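Structure first, commentary second.
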Amino acid sequence: MLRRLAAALVLLAILLAVSGCGDDSSSPDVCGKRDDLKKAVDSLIEVNPVSDGTTEVRARLTAVQDAASELASAAGDEFAPQVKAFKESTAKVATDVKGLTGSDKTAALSALATDVPAVRTSYDALMDAVGSACD
């Protein structure tokens, strides 16, 4: 089970690692929150589910979701559709990871296979949208 979780998170890491953000200390608050989100995503990518466990994976997913909420607050309605899509996709992955500790691990792993790529798609859309205002 942990190997499958590790494989799913490696896939998430690969999918998200390609997306990048610039670092500009004179950026408006929304750009700083974008950078905070990227740091949270990078931290999630670095987690080792085998040695760190699902509790750490869930904690880092929560940090990503919190950073997305902070970005949404800073941006107001400007990037609302992209933030909403990203938050929904990460919530699905969080539910999938939580399901790995339940009785139907096969369903959770199956869901991860489709939900992880959705995180990449929504993350890219969010970073592209915010990047247009920051870069």
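Bear in mind that the values in this text are calculations on the coordinates, not laboratory data. Everything quoted here is computed from the prediction, not taken from an experiment. So basically every Cβ, Gly included, is an ideal-geometry build from the backbone, and we count neighbours across all protein chains shown.
Things worth noting here:
- The length gained by stretching the chain between residue 56 and residue 88 to full extension, at 0.36 nm per residue less their Cα-Cα distance, is 9.5 nm.
- Protection-proxy order for peptides 28-37, 49-58, each taking the mean of Cβ atoms within 10 Å per residue, highest first: 28-37, 49-58
- Separation between Cα centres of the stretch 47-65 and the stretch 97-135, rounded to whole Å: 14 Å
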